[in-house]
Amino acid sequence: MTTTPPRPAVEIRDLHKSFGPLEVLKGIDFEVAQGEVVCVVGPSGSGKSTLLRCVDLLEEPTAGRIWVNGVEMTDPDVEVDAVRRGIGMVFQSFNLFPHLTVLNNLTIAQRRVLRRGRAEAERIARANLERVGLTDKADAFPAQLSGGQQQRAAIARSLSMEPKLMLFDEPTSALDPELVGDVLTVMRQLAEDGMTMMVVTHEMAFARDVADRVVFMDGGVVVEQGPPQEVLGAPKHERTRAFLSRVLDPTRVAQLGQPDQAPEPPAAPGLPADDRHRI
Amino acid sequence: MKLRRRQRERLSLGIQYLVFIAVIAAVLFAADWDRLADAFFRVDIIKSMFPTIITVALRNTILYTLGAFAFGLVFGTILALMRLSRVAPYRWVATAYIELFRGLPALLVLFLVGYGIPIAFPERQIPGGVFGSIAIGLGLTAAAYMAETIRAGIQAVPKGQMEAARTLGMSHFTAMRTIVIPQAFRIVIPPLTNELILLTKDSSLAYVLGVTAQTIEITKFGRDMLNDRVNATPLLVAGLAYLVITLPLSQVVRRLELRYAKAR
């Protein structure tokens, strides 16, 4: 495989990952170009989160190779801490440090890892808090914030390390519905600023509006990928269509048996035939 | 006659208060207060115990306790990290140590340190004399218990904390030191304080090492006075002296828990 500069932000070749006897990733080939926003969608258990975690080496791949910003993560001698400085990771459960104030959450890695002085670290931290709209929460502890505020603080914490690539692992899945919008707005702004992003998400509207490319995964493989209007608007594969109809119209599980049919208008509420098929 | 629900509740509560008052009254009337006061509350004996019980006995009890606690905390933390190590032999050694020392009476370990080692190595001396022997003798046992507490505390810190720290580029060591262990210690403050209170009381075992007038602690002091005056008053005073240490400790824990509750 030859690659011409500039190298992609993420390059994955024939990636396999097993947990014991369970093969979660069954040969993934995948790239994220510099500045590209890629949304990975798919049913739970499809391996999309595992794929994302492999990129940051939170999971050790069973086979295959991964490069991030031109450095091979799967090289046994890789300086993983050094590569991770260029990668921001946002978790479903935020994972803010509960014993530190928001400001210290944003400065601790700057100071310990990048060896920045206190004044510089705090200046960068405050700039990033402003970016996510949390200027007034610098001295609060994470437990005093709402879920949406915590996730925005977590994004600001990652940004304070000035990463070249941001990974998002279902960033809004743990949030109350009315708080999702704030986080997505921050992410959209980030995308518009040119950040390279790989987003595992169930937010189809976000994928449709913000992603340069949507990747649909199922059963440990990439089923199809392309511009959002193609993958989400006119999916080629049966599995993609079945998934989308389930996500966009969750009560119509009955349609799974005939996924090739064009989506019908939603059934009138309270039809008894529908109830039999609900999970 | 059938009682209604509120009437039944009132009746039940009334009976409970009645029983309580009856028991208190019975004790007050039945007890021989003159003899009790003479055996347990002789003001002249109380006076004669001061100030030595504070300046020597209480002080030594605190010193022995802190010595054993410090030894146990440092050694226990090392054992806890060994239990969680990726290196299997470290895990084996730590597990064996913990199982062994949790199974042995503290008194036996104290004998071992106080007499066994000096007999085995007569040319060597345990640094710090009686203090050193007690700190190590009680600390060896305390370390085994504290290791398990600290290990549980480290494991109670969610995995995502370590992952978040590592994805920010921290090494395993830095993440452990600045993120995981500080949170683990907040979790284990209540059980560790329990251990401190237990050690306060275990420090009374020091008498088996043959303490002198300078190294005497509360229980031995109380017992010596008991023999000397043939009166139980010194035991009452000794008991109160322990409460002077342990009750404020419980208060401190409550305060710390409240403060950390904000940051969790």
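None of the figures in this text is laboratory data; all of them are computed from the coordinates on show. Only a predicted model underlies this, so the values are computations on that prediction, with no experimental measurement involved. Cβ sites come from the backbone with ideal geometry, for glycine too, and all protein chains shown count toward neighbours.
Assorted remarks:
- Chain A - Rg over Rh from alpha carbon coordinates, Kirkwood radius: 1.00
- With a 10 Å cut-off around each Cβ of B:171-180, the average count of Cβ atoms from other chains is 3.
- The range A:175-236 and the range A:70-149 have Cα centres separated by 23 Å.
- Projected-area average for the range B:8-52 over all orientations - Cα convex hull basis, square nanometres: 5.0
- Values of log10 I(q)/I(0) for the range B:171-264 across q = 0.24 Å⁻¹ run -1.17, by the Debye formula with one identical scatterer at each alpha carbon and no solvent.
- Stokes-Einstein diffusion of the range B:1-134 at 20 °C, 1.002 mPa s viscosity, Kirkwood radius from Cα pairs, rounded to a whole number: 99 µm²/s.
- Taking a quarter of the surface of the Cα convex hull of the range A:40-90 gives a mean projected area of 4.0 nm².
- Annotation: amide H of A:Leu175 has no partner in the under-5 Å range at sequence separation 5 or more or interchain, hydrogens built in the peptide plane.
- Rounded to 10°, Cα long-axis angle of helix A:102-112 versus longest principal axis of chain A: 70
- A DSSP coil position with no more than 15 other Cβ atoms inside 10 Å describes the following trypsin sites (Lys or Arg not before Pro) in the range B:72-103: B:Arg86.
- Along chain A, longest interval not containing exposed trypsin sites (Lys or Arg not before Pro), exposed being DSSP loop plus at most 13 other Cβ atoms within 10 Å: A:116-235
- Amide proton proximity set for A:Val90, modelled H, under 5 Å, gap of 5+: A:Leu167, A:Phe168, A:Asp169
- Residue-span extension gain [B:Leu84 to B:Leu36] - 0.36 nm each, minus C-alpha spacing: 11.8 nm
- Membrane-span-like helices in chain B (whole DSSP H runs, Cα extent of at least 27 Å along the helix axis, mean Kyte-Doolittle hydropathy of at least 0.5): B:5-30, B:59-83, B:129-156, B:181-202, B:233-262.
- Shielding of A:161-168 by partner chains, average beta-carbon count, 10 Å: 1
- Helix A:238-248 vs. chain A, principal-axis angle (Cα, 0 to 90°, nearest 10): 70
- Rg/Rh for the range B:42-262 (Cα atoms only, Rh after Kirkwood) is 1.06.
- For the range B:177-264, GluC sites (Glu not before Pro) are listed when DSSP marks them as loop and at most 14 other Cβ atoms sit within 10 Å of their Cβ; the list is empty.
- If only the Cβ of Lys and Arg carry +1 and only the Cβ of Asp and Glu carry -1, the dipole of the range B:42-262 around its Cα centre is close to 680 debye.
- Taking other C-beta atoms within 10 angstrom as a stand-in for reagent exposure, B:His172, A:His99, A:His16 fall in the order B:His172, A:His16, A:His99, fewest first.
- Per-residue ellipticity at 222 nm computed for the protein assembly as shown from its helices equals -17000 deg cm²/dmol, with DSSP H segments shorter than 4 residues left out and the rest contributing -39,500 (n - 2.57).
- Remark: the protein assembly as shown carries a charge dipole of roughly 1940 debye about the Cα centre, counting +1 on each Lys and Arg Cβ and -1 on each Asp and Glu Cβ.
- 3J(HN,Hα) from dihedral phi, the range B:112-123, Karplus parametrisation 6.51/-1.76/1.60, rounded to Hz, x for glycine, proline: 4, 6, x, 10, x, 5, x, 6, 5, 10, x, 7
- Take each residue of peptide A:71-83, count the partner chain Cβ atoms within 10 Å of its Cβ, and average: the result is 1.
- Where trypsin sites (Lys or Arg not before Pro) fall in DSSP loop in the range B:118-212, at most 14 other Cβ within 10 Å: B:Arg124
- Per-selection Rg to Rh, the protein assembly as shown - Cα, Kirkwood hydrodynamic radius: 1.14
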